[in-house]
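Chemist: One structure is given below, represented as structure tokens, and several questions about it will come after.
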Amino acid sequence: MNRLRGIGWGRWAAIVVIAVGVGYAPIAMTELWPYAHRGAPAIGQSLLAHVTNPRYVADALATRIKPYQHSLAALVVHSVLGGLLMLLGPLQLLTAVRRRVRLHRTLGVVFAVTVYVCMAGAAVYLLRTAPRDAFSGPAFWIVLATILVGTVFSVTFGIVAAVRRMPEIHQRWMLLCYAFLMTAPLLRFEWGALPVLFPGIPMTQINQIAVMHLGSVVAFGALVASRRLDRRVELPGMGRSWVPWWVLVPAALAGTAALAWLTWSLVSAGGVQNHRLAVGYLVPFAVTAAVMVWRMAVAGREGRTWAREEWGIHLVALCLAPVFSAACVLPFERALHIGHATAVAAGAAIGCGFLAFWATAVVGLRALVASTATTSGLGARGSADLRLRRVGAASHPGH
């Protein structure tokens, strides 16, 4: 018991993530078997029907038969490889922590190739499926497409960071990549848990509520994990902060205005479901913002300038997420021919994840600029020392 108490919250979080990934792997791999062969086992559907009720599951999945048949082979590849990624992610984390460099690199190559092939299968499905035919509607199609792009670019930038020998930035990109992948098991958890809060509503509406905040939740989880693993107090060569008060305050004001508009747009559209969507978006957003402000303040008070900088960059991104979401509404309406409330929900659902991606890119650029400044400073110092030695040698030819 004492040994269990000695385990920090960070290790407990890692244990939970690993357990979720490993536990979800067989569910992902068998999820689409019944669509290929009637009566084939589907572990996930059985568990969900047991936790909720069979009718709740059957009514939702019955509508998937026709859309899935268009891209069944690609979806099977996607689901099987998605399950494999759930296993490879924890292995990558463990080999990195244990400093098994050669094994980590080998598994990293396998992980990256698997991500590309897995996401190619998802891309085939999305290209062959009209947004209106996606599960729970066009907003979910947009969310899936955004997660696909975010996952592919995250692993790509992670590879670039590894090649450039920037392990801390590589680590951030790979954590974000795995966080995007974790939206799949977390969504299944919400399918089972949210009916307790909203009894009697179908899974399609539960899905709409869940995707309003999944992007922000997983991106925030990746940020917390990154900060947990990076213990550096200062970043050599960082210089002045990129997020002074005159950047934070306008971002917060713009974000507040956009957040108010998004909320008003959902609530004024009428209907209980739109009110649920607004709550599903606002509550996690407010909690995430509060934690970021708190951690940024604590880091500043303790003199941990690099931690404060990273929290600040992500806080600015979170503030600008509603602005980006609001800017997406009109293009979604025009391009996909969807209603205003649906476009607002879709924009809100992808905003936090999209801006977290760019915040990670800015953090990487911040580290690269600091590293370049440090290298330039050392080079200039070395050149000056060399010139001094040459002058000294010329002044004292007898030595």
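The values are calculated or read from the model by the stated rules, or taken from the named source; none is laboratory data. Not measured: the values here are computed from a predicted model. For neighbour counting, all protein chains shown are included, and Cβ atoms are generated from backbone atoms with ideal geometry for every residue, glycine included.
Chemist: So in segment 64-76, with the set limited to residues that are modelled with pLDDT of 90 or more and surrounded by 18 or more Cβ atoms within 10 Å (Cβ to Cβ), which one is farthest from Gly44 (Cα to Cα)?
Modeler: Here the answer is Ala74.
Chemist: Do we find that Glu168 is of a type in the set (D, E, K, R), closer than 17 Å to Leu365 by Cα and part of a helix (DSSP H, G or I) in this structure?
Modeler: Yes: the conditions hold for Glu168.
Chemist: Here is a further query. Sort through Ala345, Ala361, Ala335, Ala373 and tell me the only one that's in a helix (DSSP H, G or I), closer than 30 Å to Ala260 by Cβ and at pLDDT below 95.
Modeler: That would be Ala335, the only listed residue that is in a helix (DSSP H, G or I), closer than 30 Å to Ala260 by Cβ and at pLDDT below 95.
Chemist: Looking at segment 32-56 only, could you name the residues that are in contact (Cβ under 8 Å) with a residue 24 or more places away in the chain and within 20 Å of Pro90 (Cβ to Cβ)?
Modeler: Once the filter is applied, which keeps residues that are in contact (Cβ under 8 Å) with a residue 24 or more places away in the chain and within 20 Å of Pro90 (Cβ to Cβ), segment 32-56 yields only Gly44.
Chemist: Is at least one residue of segment 11-20 closer than 27 Å to Ser136 by Cα, of a type in the set (Gly, Ala, Ser), at pLDDT 85 or above and within 28 Å of the chain's Cα centre (by Cα)?
Modeler: No; the residues of segment 11-20 include none that is closer than 27 Å to Ser136 by Cα, of a type in the set (Gly, Ala, Ser), at pLDDT 85 or above and within 28 Å of the chain's Cα centre (by Cα).
Chemist: Another question, if that's okay. Return the total of residues in segment 43-63 being surrounded by fewer than 18 Cβ atoms within 10 Å (Cβ to Cβ) and of a type in the set (Gly, Ala, Ser).
Modeler: Qualifying residue count for the region: 4.
Chemist: With respect to Trp242, is the statement that it is more than 22 Å from the chain's Cα centre (by Cα) and more than 24 Å from Gly339 (Cβ to Cβ) true?
Modeler: So Trp242 passes the test.
Chemist: Right, something else. What are the residues in segment 166-196 that are free of Cβ contacts under 8 Å to residues at least 40 places away in the same chain, of a type in the set (A, V, I, L, M) and more than 20 Å from Ser79 (Cα to Cα), if any?
Modeler: Residues satisfying the conditions are Ala193, Leu194, Val196.
Chemist: Let me ask something additional. Among what's in segment 239-285 and is part of a helix (DSSP H, G or I) and of a type in the set (Phe, Trp, Tyr), pick the residue that is nearest to Ala349 (Cα to Cα).
Modeler: Checking each candidate, the answer is Tyr281.
Chemist: Give me the residue from segment 90-143 that is touching a Pro at 6+ places or on another chain (Cβ under 9 Å) and farther than 23 Å from Val76 by Cβ and, out of that set, modelled with the lowest pLDDT.
Modeler: The qualifying residue modelled with the lowest pLDDT is Ala96.
Chemist: Can you report the number of residues in segment 144-168 which are β-branched (Val, Ile, Thr) and over 12 Å from the mean Cα position of the chain (by Cα)?
Modeler: Looking only at that region, the number is 4.
Chemist: Right, here's the next one. Here is a list of conditions, (1) more than 27 Å from Ser154 (Cβ to Cβ); (2) at pLDDT 95 or above; (3) of a type outside the set (S, T, N, Q), and Pro195 meets all of them except one; can you say which number that is?
Modeler: (2)
Chemist: Next up: Out of all the residues in segment 88-97, is one or more touching a His at 6+ places or on another chain (Cβ under 6 Å) and not β-branched (Val, Ile, Thr)?
Modeler: Taking every residue of segment 88-97 in turn, at least one turns out to be touching a His at 6+ places or on another chain (Cβ under 6 Å) and not β-branched (Val, Ile, Thr).
Chemist: Filter segment 112-142 down to the residues that are more than 25 Å from Gln208 (Cβ to Cβ) and surrounded by fewer than 21 Cβ atoms within 10 Å (Cβ to Cβ) and list them by number.
Modeler: Ala112, Val113, Thr114, Tyr116, Val117, Ala120
Chemist: Tell me the residue from Leu330, Leu282, Leu318, Leu336 that is buried (at least 22 other Cβ atoms within 10 Å of the Cβ) and either on the phi > 0 side of the Ramachandran plot or in contact (Cβ under 8 Å) with a residue 12 or more places away in the chain (or both), please.
Modeler: Leu318
Chemist: Can you give me the number of residues within segment 202-238 that are assigned to a helix (DSSP H, G or I) and either among the hydroxyl-bearing types (Ser, Thr, Tyr) or under 30 Å from Asn274 (Cβ atoms) (or both)?
Modeler: 20
Chemist: Which residues, counting only those in segment 243-255, are closer than 9 Å to Cys319 by Cβ and in contact with a helix residue (DSSP H, G or I) (Cβ under 8 Å, 6 or more places away or on another chain)?
Modeler: Leu248, Ala251, Ala252, Ala254, Gly255
Chemist: Then there's this: Can you tell me which residue within segment 24-42, out of those that are surrounded by fewer than 16 Cβ atoms within 10 Å (Cβ to Cβ) and of a type in the set (A, V, I, L, M), is farthest from the chain's Cα centre (by Cα)?
Modeler: Ala40
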